[in-house]
Amino acid sequence: MNQKVVLITGCSSGIGLALATRIAKDEKKRFMVYATMRNLSKGEALVEAAGRTLGRTMEIKQLDVCNEDSIKACVDSLPERRVDILISNAGMGMIGPIECQSIDDMRSVMDTNFFGLVRLLKEILPDMKRRKKGHIVVISSVMGIQGILFNDIYAASKFAVEGFCESLAVQALRFNLNISLIEPGPVITEFERKVYDEGLKTDLSKADKVTADMFTNIYLKNYKQIFETLGQSADDVAEHTFKIITMENPPFRHQTNTLYTPMTTLKYADPNGDLPIDTFYKMVFEHDKVFNASLNFLKLLRWRKGAALTGIGRGSTN
Ligand code: NAD
C-alpha cells in the first residue's frame, strides 16, 4: 500500500498528540505517522492514546526543533529520508509586559516557534523539491495575523512564521509543493495552563503601575474566561488539520475557529490598520461590560450550534 509518510513535531501533548493519533487511526490506513518529541521520556500519554496503532501506522521518534543534529538524525532514520507531509507543531507561548521579560526568554520563543520551523525545512525541503511532492503544514495561530495585548513576543514569532511561509509558498508552487498555515484561536491544552501559570508568576516590579494593573486585573482576569468561551479542544484542531491534509487542493490559510474569524476580518477591512487596534482598545478599556456580554453571547451561540460551527476552505477531500 502506498502510504504517505507524515512527520509531526511536539507530540508529547496537546495538538501534536491529538493530531498524531488522529492521523494514525485513519480508517483507510493512508498514513505512516512519525510522531516526534523532544524528550522521549514524556511519551506515556501518546503511547496510551496511540493504542494498537503503535508499531503499525505510528512510530515515536526523538526530535528537538532547536537542535539541527537531532532533526537530521530523525530524518536520516526514515526510509529513504522520505517525508510526504511535514507538520510543524512544536511551540511555546509567552505573555506579559516586555519590560518584565528577559531577552533570553524572548529568544527561546523565537528559536522554538520560528527557527524551529526554519531548521526543519532546511533539512526536509530540498528532498521535497527533488521529489516535486510534499505538503508542509504549520500550526500557526490567529496571532500570526493579529497581535493581542500582552502577547507581543508570541505574536511576533507567529508573524515571523506567516511571513516566512508566505514568501516560501511562491517558490514551493514551482516544485508542486503545498504549504498550509493552520490558525487556531484559543485551544485548551497544556500550553494554555503553562502560559497562564508563568503569567501569574511574572515579576511585575519593572513595570509601571498602570501596565502591571492592566496585566493582572484586565488580561489575566479575563484569560480563563476567553479560553472557556472561545477555546477549542486539541481534538477539534486535529480534525480540521486532518481534513486539510486529505484535500486535493489544500488552502494556504485555514482558521479552525469560526467564532474568532470576525476579529481577524477587521484587519482586512481597514488597510490603515486602525480598525482592529481601536476595536480591541474599546473592547478592553471602554466597553468591558459589552465585552463580557459578548463572551456570554458567544458561549450561548456555541452551546446551540455545537460542532456545526466548523468550516473548511476551498478544495475537496479525498
Ligand atoms: P502544548 O504545550 O501541549 O504542545 C506544544 C508541544 O511542543 C509540547 O509537546 C512541547 O514539548 C513541544 N515543544 C516545545 N519545544 C520543543 C522543541 N524544542 N522541540 C520539540 N518539541 C518542543 O501546546 P499546544 O497548544 O498543543 O501547542 C501546539 C502548537 O499550537 C504550538 O505551535 C502553539 O503555538 C500552537 N497554538 C496553540 C494555541 C493554544 O491556545 N493552545 C493556539 C494557537 C496555536
- Do you know which of the residues in the range 196-253 that are of a type in the set (Lys, Arg) and closer than 30 Å to Ile136 by Cβ is nearest to the chain's Cα centre (by Cα)? Arg253
- Query: Which residue pairs have Cβ atoms under 9 Å apart, sit 6 or more places apart or on different chains, and have a first residue in the range 168-181 that is within 18 Å of Ile139 (Cβ to Cβ) and a second that is acidic (Asp, Glu) and part of a helix (DSSP H, G or I)?
  - Reply: Ile179/Glu166; Leu181/Glu162; Leu181/Glu166
- Return the residue satisfying two criteria in turn: it lies in the range 64-97 and is within 17 Å of the chain's Cα centre (by Cα) and away from the ligand (no atom under 13 Å from the Cβ), and of such residues it is nearest to Lys42 (Cα to Cα). Leu86
- Query: Inside the range 222-242, can you point out the residues that are touching a strand residue (DSSP E or B) at 6+ places or on another chain (Cβ under 9 Å) and either farther than 24 Å from Ser12 by Cβ or polar (S, T, N, Q) (or both)?
  - Reply: Glu228, Gln232, Ser233, Thr241
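Considering each of Ile245, Ile182, Ile218 in turn, give the residue that is buried (at least 18 other Cβ atoms within 10 Å of the Cβ), more than 15 Å from the ligand (Cβ to nearest atom) and of a type in the set (Val, Ile, Thr).
Details: Ile182 fails: more than 15 Å from the ligand (Cβ to nearest atom); Ile218 fails: buried (at least 18 other Cβ atoms within 10 Å of the Cβ).
Within the list Ile245, Ile182, Ile218, the selection yields Ile245.
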- Query: Across the range 165-176, what is the total count of residues that are in a helix (DSSP H, G or I), surrounded by fewer than 18 Cβ atoms within 10 Å (Cβ to Cβ) and not aliphatic (A, V, I, L, M)?
  - Reply: 4
- Query: Would a scan of the range 198-212 turn up a residue that is within 16 Å of the ligand (Cβ to nearest atom), aliphatic (A, V, I, L, M) and crowded, with 17+ Cβ neighbours inside 10 Å?
  - Reply: no
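Residue-wise test of (1) in contact with a Lys or Arg (Cβ under 8 Å, 6 or more places away or on another chain); (2) at pLDDT below 80; (3) hydrophobic (A, V, I, L, M, F, W, C); (4) not in a helix (DSSP H, G or I).
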residue	(1), (2), (3), (4)
Ala238	yes, no, yes, no
Asn249	yes, no, no, yes
Leu259	yes, no, yes, yes
Tyr268	no, no, no, no
Ile277	no, no, yes, no
Asn296	no, yes, no, no
Lys299	no, yes, no, no
- Task: Considering (1) within 15 Å of Ser180 (Cα to Cα); (2) surrounded by fewer than 22 Cβ atoms within 10 Å (Cβ to Cβ); (3) in contact with a Gly (Cβ under 9 Å, 6 or more places away or on another chain), say which one Ile139 fails and leave the rest.
- Result: (2)
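Please pick out the residue among Met106, Met58 that is touching a residue at least 24 places away in the same chain (Cβ under 8 Å), farther than 22 Å from Val5 by Cα and surrounded by 14 or more Cβ atoms within 10 Å (Cβ to Cβ).
Working: Met58 fails: farther than 22 Å from Val5 by Cα.
Met106 is the lone residue from the list that is touching a residue at least 24 places away in the same chain (Cβ under 8 Å), farther than 22 Å from Val5 by Cα and surrounded by 14 or more Cβ atoms within 10 Å (Cβ to Cβ).
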- Restricting the range 133-156 to residues that are within 11 Å of the ligand (Cβ to nearest atom) and part of a strand (DSSP E or B), which is nearest to Thr256 (Cα to Cα)? Ile139
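Answer with yes or no whether Lys42 is more than 10 Å from the ligand (Cβ to nearest atom) and basic (Lys, Arg). Lay out the reasoning, then the answer.
On the way: more than 10 Å from the ligand (Cβ to nearest atom): no; basic (Lys, Arg): yes.
Judged against the criteria, Lys42 is not a match.
Among Phe159, Phe115, which is at pLDDT 95 or above, part of a helix (DSSP H, G or I) and over 30 Å from Leu275 (Cα atoms)?
Values: Phe159 fails: over 30 Å from Leu275 (Cα atoms).
Answer to the check: Phe115.
Hey, any hits in the range 169-179 for a residue that's near the ligand (Cβ under 9 Å from one of its atoms) and under 21 Å from Phe115 (Cβ atoms)?
Here is the first cut: in the range 169-179, the residues near the ligand (Cβ under 9 Å from one of its atoms) are none.
No, the range 169-179 has no match at all.
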- Message: Cβ-Cβ distance below 9 Å, separation of 6 or more or different chains: which pairs start in the range 252-266 with a residue that is farther than 14 Å from Gln232 by Cα and end on one that is acidic (Asp, Glu)?
- Response: Phe252/Glu166; Arg253/Glu162; Arg253/Glu183; His254/Glu183; Thr264/Glu183
- Restricted to the range 9-20 and to residues being buried (at least 23 other Cβ atoms within 10 Å of the Cβ) and at negative phi, the residue nearest to the ligand (Cβ to nearest atom) is Ile15
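The values are calculated or read from the model by the stated rules, or taken from the named source; none is laboratory data. Given the structure is predicted, the values throughout are model-derived calculations rather than measurements. Every residue, glycine among them, receives a Cβ derived from its backbone with ideal geometry; neighbour counts consider all protein chains shown.
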